[in-house]
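The values are calculated or read from the model by the stated rules, or taken from the named source; none is laboratory data. From a predicted model like this one, the values you see are computed outputs, not experimental measurements. Neighbour counts run over all protein chains shown; Cβ positions are idealised from the backbone, glycine included.
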Amino acid sequence: MRLKSLFAIIVCCFMSGCAQQPVVVVPETIQKVEKTEPVVCPPVKKELTLAQKAKQNYSLGIIGEIEPVRFPPMKGALLARIDTGAAGSSINAQNIQSFEREGKKWISFDIVNSETGEKYHFEKRLYKQITIKRQLKNEDRYVVMMMIHIGKEKLNIPFSLANRERFDYPVLIGRNIIKGRAIVDPSLSRTLY
């Protein structure tokens with residue numbers, strides 16, 4: 001404390017012009033300062049942004065309302081509508097036929113990429129059959145397991161085969177794919193690939 005007072009007196013004298021006269025420092029007033037360990041401040045915790053939290057906690061991060069997805073062995077991507085209100089996912093399929101193979105029910109169908117013209121014929125074992133409740137008439141659909149590439153994820157997920165020609169997008173991605181994998185921001189689009 002005395003050292004601070006002495007320093008303040010010297011600074012005041014210097015500033016007021018008294019410094020022209022010699023300043024006498026009495027040795028008893030200066031105390032020896034003991035060596036102390038340097039103070040280490042803890043690192044400042046930086047608050048993560050929502051995007052950083054999403055990348056940290058969800059494999060797909062933040063995705064938009066419309067995203068490209070691929071169905072191997074098809075080369076081109078199809079645009080998918082991301083719908084958090086839909087429990088399952090569906091894909092626009094053409095020429096849907098059921099047949100039997102080794103005592104099991106199978107489904108054959110075609111998927112066409114309307115943007116590139118690419119067409120691929122699939123044959124998949126029937127996973128289950130569902131009824132979609134509609135206002136006018138219920139719709140029966142076949143459900144098959146499909147390999148889908150969405151972002152960096154490769155998933156084998158049930159898809160219902162539907163006629164989605166009246167919709168803007170051939171694929172509907174529901175909660176069975178996005179739950180626990182993504183946060184959806186409807187103001188974004190095409191954030192993947």
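Here are the numbers for this structure:
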quantity: Region 38-71 - residue that is assigned to a loop (DSSP other than H, G, I, E, B) and modelled with pLDDT of 95 or more and, of those, nearest to VAL112 (Cα to Cα); calculated: PHE71
quantity: Count of residues meeting criterion [modelled with pLDDT of 90 or more and either more than 26 Å from the chain's Cα centre (by Cα) or not in a loop (DSSP other than H, G, I, E, B) (or both)] in region 141-169; calculated: 20
quantity: Residues that are assigned to a strand (DSSP E or B) and closer than 28 Å to ARG190 by Cβ, drawn from region 102-120; calculated: PHE109, ASP110, ILE111, VAL112, LYS119, TYR120
quantity: Verdict on LYS154 being more than 17 Å from GLY88 (Cβ to Cβ) and surrounded by fewer than 13 Cβ atoms within 10 Å (Cβ to Cβ); calculated: yes
quantity: Checklist (1) in contact with a strand residue (DSSP E or B) (Cβ under 8 Å, 6 or more places away or on another chain); (2) in contact (Cβ under 8 Å) with a residue 40 or more places away in the chain; (3) under 17 Å from PRO73 (Cβ atoms) applied to ASP110, failing item; calculated: (2)
quantity: Test result for ALA87, modelled with pLDDT under 95 and aliphatic (A, V, I, L, M); calculated: yes
quantity: Odd one out for ASN138 among (1) surrounded by fewer than 16 Cβ atoms within 10 Å (Cβ to Cβ); (2) modelled with pLDDT of 90 or more; calculated: (2)
quantity: Boolean, ARG134 is out of contact with any Phe, Trp or Tyr (no Cβ under 9 Å at 6 or more places or on another chain), outside any loop (DSSP other than H, G, I, E, B) and either among the charged types (D, E, K, R) or under 26 Å from SER189 (Cα atoms) (or both); calculated: no
quantity: Residue, nearest to ILE177 (Cα to Cα), within region 72-101, restricted to residues that are part of a strand (DSSP E or B) and under 22 Å from the mean Cα position of the chain (by Cα); calculated: SER89
quantity: First in region 66-78 and within 12 Å of TYR193 (Cβ to Cβ) and touching a residue at least 24 places away in the same chain (Cβ under 8 Å), second anywhere and of a type in the set (Gly, Ala, Ser) and not in a loop (DSSP other than H, G, I, E, B), Cβ under 6 Å, 6 or more apart; calculated: GLU67/ALA80; VAL69/ALA80
quantity: Meets criteria (more than 20 Å from ILE178 (Cβ to Cβ) and of a type outside the set (S, T, N, Q)) for MET146; calculated: no
quantity: Region 181-192: number of residues that are of a type in the set (Gly, Ala, Ser) and either without any contact (Cβ under 8 Å) to a residue 12 or more places away in the chain or closer than 10 Å to LEU60 by Cβ (or both); calculated: 1
